[in-house]
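Encoded as structure tokens, the structure appears first; notes follow it.
The values are calculated or read from the model by the stated rules, or taken from the named source; none is laboratory data. Just so it is clear, the model here is predicted, and its values are computed rather than measured. Ideal geometry is used to build each Cβ from the backbone, glycine not excepted, and the neighbour counts take in all protein chains shown. The area values use the complete protein model at the heavy-atom level, side chains included, leaving out ligands, DNA and RNA. Shrake-Rupley method; radii C 1.70, N 1.55, O 1.52, S 1.80 Å.
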Amino acid sequence: MDSQEELQASADYLRERGVGEVDVAIVLGTGLGGLVNEIDEVLAFNYSQIPHIPLATVEFHFGKLIYGELGGKRVLAWQGRFHYYEGYTMEQVVKPVRISKMLGAKALLISNAAGSLNPDIKKGALMCIEDHINLFPDSPLRGRNLDALGGRFPDMCEPYDVELSGAMFQVARSLDIPLYTGVYVGVPGPQLETRAEYRYLLTIGADAVGMSTVPEVIAAAHMNMPCAAVSVITDECNPEHLASFNIDEVIAIAKESEPLLTRLFSEFMNRLKV
Ligand code: HPA
């Protein structure tokens, strides 16, 4: 079975089990899965049930796909993503996004946890990603092109949809939720960055750094799928005062900011016109 056939088989499996029309696909970041509690659930799948979805690592034993309604839209929410640092290939990392598109999703909404490089953007803040820098050593589009999904050389003029992001800012303003804007740099991880690397990332124009999102957004751009992404800032990466990284603290900060992100995404879905 080639990649395209595998994707089709995953999508067919979900269709046959009742996944109907999909308006928006949502990929939820580490510690940010709470949005699923707002979804009127119609169907739920463990990742392990879905054919050709990679075998879950320990981190992923709760990987769950929810199909249901949120803000009057039909959504497919992937709770738990595949990270490159876990050893998945780029092709595996972007399967959720591709399957969503094949099921008819017209837009993609992403959340992630990220470290801030911009001294104005503090722990706990939300940042709408306006653009990215790809420092992964690989691309999900490397290799034979999946012509049914998109062209060989997709441009990256506007990988984050200006209209969707604009709508996100409007919603944030109306809810009085501070929302920053900035450039996200995607790194392979899993090791954090050195002081010298943080200085470098700042120099090349990044506001926040994380180990996800960029592959998914590249796959979405390939398929002409408009997307919006919001980072929850979980740590501050000041190279002159670098504190040692504490994953428990990162998860605790993500959990603290999650209700804010959930309100933002829920209201965004409410107002979205698809
Ligand atoms: N660096 C890389 N990835 C991250 C960070 C960070 O500081 N915080 C959360 N994800």
Taking H as built 1.01 Å from N, whose amide H comes closer than 5 Å to the amide H of ILE26, not counting residues under 5 places away? LEU76, ALA77, TRP78, LEU109
Could you tell me the center-to-center distance, by alpha carbons, between the stretch 164-184 and the stretch 118-159 in angstrom? 19 Å
Kindly report the accessible area of the chain per residue (heavy atoms of protein chains, probe 1.4 Å, no ligands, DNA or RNA), in Å². 44 Å²
With Cα atoms, 0 to 90° folded angle of helix 162-175 axis to the chain main axis: 70 degrees
Cα-based helix-to-principal-axis angle, 3-16 vs the chain, degrees rounded to 10: 70 degrees
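Based on the mean of other beta carbon atoms within 10 Å per residue, what is the order of 136-145, 232-241, most packed first?
With the highest mean Cβ count within 10 Å placed first, the list reads 232-241, 136-145.
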Run the accessible area of the stretch 133-183 with a 1.4 Å probe and give the carbon-and-sulfur part as a rounded percent. 52 percent
Tell me the relative contact order for the chain as a rounded percent, counting alpha carbon contacts under 8 Å between residues six or more apart. 26 percent
Determine one quarter of the surface area of the Cα convex hull of the stretch 57-119, which equals its mean projected area, and express it in nm² to one decimal. 6.2 nm²
Give the separation of the Cα centroids, the stretch 233-274 to the stretch 189-227, in Å. 16 Å
